[in-house]
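Quick notes on the structure that follows.
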Amino acid sequence: MLRRKLRKNSLPKIDINIVSLMDIMTTIIFFLIFMAGFSKFSILSAYSQPVGSGKDLEKKPKFTVSLEIAKPTKVRLNLGPMAGLKIVESDQFFSYLNQNFTGNQTSGYNRLLEARTEDELAVKIQSALIEIKKGFPHEETIRLVVADGITYQSVIHFMEVVREVPEGREPLHLKNLINQRKETRMIFPEISVSALSDEG
Amino acid sequence: MIARPKRKLQEHELNLTSLMDVLTVLIFFLVQAFTITTKSIQVPKNIRLPVSRVQSVPRELVSLSISSDEIRGNGALLVSFKNYHFAKNDLASDGRTITHVAEFLKKEFKNSLQTYEDLKAEDRPTGKLMIEADKDIPFSVLKYIFNTATVSGYADYQFLINKKKNSTAL
């Protein structure tokens, strides 16, 4: 009597064996995580500067910095006119420019940088750009003006140099116009590329 | 001797439902992420990409592959060249635009804009182009690519590179 009652009330016990399913899922997860970690590709972004767009028709003063790459070991750093621009610690900034660059506030500044190797040149470029960035911490854009003979690998190398300070090196300590401090590795992350021959 | 009643072992049930939930979501996420990023990037064998320490995730975009003697658009051959010079009949009248590459890019750009049909022309986004070029290609070739891409609506570029280990050296 009791047995019959029990049989009526209890549902048949069904066991789903999910051990094999768990095995597969865990294997897939480890495989995907492993593969993602070792993806060998990366990207560097830039945009192009259409010919003639450099001649800005707007009268509003605009910060411009460009790096003319004539040879892998010889570049010229150009800074546009400074009149009317907001500069952090301007006295210190102009003192640096007057000591290391040629030119003036109205026409802009430029400096020729040369070195025996690309790596040596990269250090010089980055040091100069860091000083410029200290004066203009809010500016993000730089223009690379590249000569015909420069290889794609060199273009990528220069893009890397103007973009950020590498890991393991001292980051930038910037102070903005309202005295707020910021630590960053980015120098000029927005890069436009144009040809030296098009610039005239 | 009194026989002790045998103690029944207690049945412990492991509730795997929540664990399964998490695993399933994780798998879908990883598979989805893979489909968008690395799966679709296949660099032609004759292209040796430059190296860089910059770490960014590549996205699937319209791609131009530039080797030492040809340009391919999404894998299809568009134009061939010798000694890094283009034949005159491959260039448009301005002497700076590669005709077949421009045709390909304009077609791709038109297709991509279908999503933004309702927007005004000036509000529509510019195209993004992935460039997979051999590291030894001179800029004299790349400038034709940039000019052609710009006139075809692509002004933003993503250069595909091989990751280099982080180092303090520049």
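The values are calculated or read from the model by the stated rules, or taken from the named source; none is laboratory data. Not measured: the values here are computed from a predicted model. All Cβ positions, even for glycine, are placed from backbone atoms using ideal geometry, and neighbour counts span all protein chains on display.
Brief remarks on what is shown
- Subset of the stretch A:120-162 (residues that are more than 7 Å from chain B (Cβ to nearest Cβ), more than 23 Å from A:Q92 (Cβ to Cβ) and not in a strand (DSSP E or B)): A:E120, A:L121, A:S154, A:H157, A:F158, A:M159
- Count of the stretch A:126-146 residues, restricted to those that are surrounded by 21 or more Cβ atoms within 10 Å (Cβ to Cβ) and β-branched (V, I, T), is 4.
- Residue in the stretch A:75-91 that is assigned to a helix (DSSP H, G or I), at pLDDT 75 or above, out of contact with any strand residue (DSSP E or B) (no Cβ under 9 Å at 6 or more places or on another chain) and within 30 Å of A:A115 (Cα to Cα) present: yes
- Residue satisfying all of: in the stretch A:163-174; surrounded by fewer than 16 Cβ atoms within 10 Å (Cβ to Cβ) and touching a residue at least 12 places away in the same chain (Cβ under 8 Å); nearest to the other protein chains (Cβ to nearest Cβ) among these: A:E167
- Out of B:K143, B:K135, sole residue that is under 15 Å from A:V146 (Cβ atoms), at pLDDT 90 or above, facing chain A (nearest Cβ under 7 Å) and in a loop (DSSP other than H, G, I, E, B): B:K135
- Of the criteria (1) in contact (Cβ under 8 Å) with a residue 12 or more places away in the chain; (2) in contact with a strand residue (DSSP E or B) (Cβ under 7 Å, 6 or more places away or on another chain), which one A:K124 fails: (1)
- Applying the condition of being over 16 Å from the mean Cα position of the chain (by Cα), in contact (Cβ under 8 Å) with a residue 24 or more places away in the chain and part of a strand (DSSP E or B) to the stretch A:175-200 and asking which residue is farthest from B:D134 (Cα to Cα) yields A:K175.
- Matching residues, the stretch A:25-35, being farther than 15 Å from B:Q32 by Cα and at the interface with chain B (Cβ under 10 Å from one of its Cβ atoms): A:M25, A:T26
- Per the listing B:K110, B:K82, the residue uniquely at pLDDT 90 or above and among the basic types (K, R) is B:K82.
- Residues that are of a type outside the set (S, T, N, Q) and at pLDDT 90 or above are absent from the stretch B:118-126.
- Evaluation of B:N89 against the conditions (1) part of a helix (DSSP H, G or I); (2) in contact with a strand residue (DSSP E or B) (Cβ under 9 Å, 6 or more places away or on another chain); (3) surrounded by fewer than 18 Cβ atoms within 10 Å (Cβ to Cβ) shows that the sole unmet condition is (2).
- Filtered residues of the stretch A:120-159 (kept if more than 21 Å from A:L79 (Cβ to Cβ) and among the acidic types (D, E)): A:E120, A:D148
- Among the residues of the stretch A:93-119, just one is acidic (D, E) and assigned to a strand (DSSP E or B), namely A:E114.
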